[in-house]
1. Are there strands (runs of 3 or more DSSP E) fully within the stretch 1-97 with at least 2 residues that are under 13 Å from VAL121 (Cβ atoms)? List them.
2. So which of PRO72, PRO39, PRO88, PRO11 ends up being exposed (fewer than 15 other Cβ atoms within 10 Å of the Cβ) and of a type outside the set (D, E, K, R)?
3. Among the residues of the stretch 119-127, is there at least one that is at pLDDT 95 or above and over 26 Å from GLU34 (Cβ atoms)?
Amino acid sequence: MTDPLQTEPQPEREYFQFLAEGRFMIQRSASSGEYVFYPRVAAPRTGARDLQWVPASGRGTVHATTVIRPKPPQAPYNVALVTLVEGPRMMSRVEGVAPEAVTIGMAVRARITTEGDKPVVVFDPQAAQ
């Protein structure tokens, strides 16, 4: 009998493997051209199972942001919802500026970093173009 974990698509595992390789990839439906994030096996609106991995531009705009203020000695940090130029939104944070300086509409660029032993995507502010 075949192990289903070896034959079924595992988009989340593939996504983190790409990040570990230093590549920020998102999915795109071959039939509709729609970009998809968070990784999945079928497109959300159409149910199409023709999702392919493509490089993300890494460019985006802050759609929403909030500042998390944990108890000291931990420093405050922001949580941002970023709209990628390809269309999907992803939750992350903006680094390189004070958490309170992150604003809606701010242009950002993705960067892959490591937290613990896991690669993650964070964003840095970009000059308006």
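The values are calculated or read from the model by the stated rules, or taken from the named source; none is laboratory data. None of the values given here were measured: they were computed from a predicted structure. Ideal geometry is used to build each Cβ from the backbone, glycine not excepted, and the neighbour counts take in all protein chains shown.
1. Hits in the stretch 1-97: 25-29, 59-68, 77-84, 89-92.
2. Criteria check complete, one pass: PRO72.
3. yes
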